[in-house]
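Worksheet: one structure, shown below.
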Amino acid sequence: WYIKRYADNVFFIYFNRCYIYNIISGDVRRINVSSSRFFEQEGTLCLSSQTGNFYKYDVESETFSAPLASPLGAYVQNVIEVGEDRYYVTADSGILKQSPDGTNVRVDSFKHNWPMVNCCLICKDSTIICGTIGDGVMAFDMEGNFKWHVDKAAGLQNNDVMALMED
């Protein structure tokens, strides 16, 4: 479902397992995890779980850390770092901005109508693109303001977005 290259490894998520392929040795390892997503935070690979936890990957030991609590216990889809600010795009809790003092503030304009986000990315122009389950693709600026929306009515084959990539 999800693939990420990090250091000398390629990580694959498939249902409740993470497969780690070492591109140098050719070895493959398997770790049991709940359905998850990869993101990088401060240059470290993290695995986000639907349980509201995340795990940091240690290159030296080639293992993931014990569970760490996500901001507000949210299922994090991606982390965007801009200067000293960090934005967490979550599956069902909106866009959270973490300031340098560690406080989290929800910044998106959707509040109670946040769609179920399945994937997201940040474009070179700082637009946050969210692929949803049931609502197509939505775009937000860095302050969480809604920019645009594309769904089945606008030409998508269906409103479930499984992956995104910037052209």
The answer for Leu156, listing residues at least 5 apart or on another chain whose modeled amide H is closer than 5 Å to its amide H, is Asp151
Whole-Hz Karplus couplings 3J(HN,Hα) for segment 50-57, θ = phi - 60° and coefficients 6.51, -1.76, 1.60, Gly and Pro as x, run 5, 6, x, 10, 9, 10, 9, 8
Ranked by GNM mean-square fluctuation in the chain (Cα springs under 10 Å), the top entry among Val28, Val89, Val117 is Val28
Options [x] 10.5; [y] 14.4; [z] 11.3 are given for mean projected area of the Cα convex hull in nm², and the computed one is [x]
In a Gaussian network model of the chain with springs linking alpha carbons closer than 10 Å, the residue among Asp135, Asp85, Asp101 that fluctuates most is Asp101
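Of all the accessible heavy-atom surface of the chain, with the other protein chains kept in place and a 1.4 Å probe, what percent is carbon and sulfur?
Working: 4560 of 9050 Å².
The computed percentage sits at 50.
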HN-Hα couplings for segment 110-123 via Karplus (6.51, -1.76, 1.60; θ = phi - 60°), in whole Hz with x for Gly/Pro, come out as 8, 6, 7, 10, 4, x, 7, 7, 9, 7, 7, 8, 10, 7
Excluding residues fewer than 8 positions from Lys124 in its own chain, the lysines with Cα under 25 Å of it are Lys4, Lys97, Lys147
Non-local residues with an amide H under 5 Å from the amide H of Thr63, with H modelled 1.01 Å from N and Pro and chain starts lacking one, are Asp58
Of Lys124, Lys56, Lys97, the most mobile residue in a GNM of the chain (C-alpha springs, cutoff 10 Å) is Lys124
Given 43-49, 108-114, the highest-first ranking by average Cβ count within 10 Å works out to 43-49, 108-114
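The values are calculated or read from the model by the stated rules, or taken from the named source; none is laboratory data. Because the structure is predicted, anything quoted here is derived from the model rather than measured. Glycine gets a Cβ as well: all are built from the backbone with ideal geometry, and neighbour counts include every protein chain shown. These area figures cover heavy atoms from the full protein model, side chains too; ligands, DNA and RNA do not enter into them. Shrake-Rupley method; radii C 1.70, N 1.55, O 1.52, S 1.80 Å.
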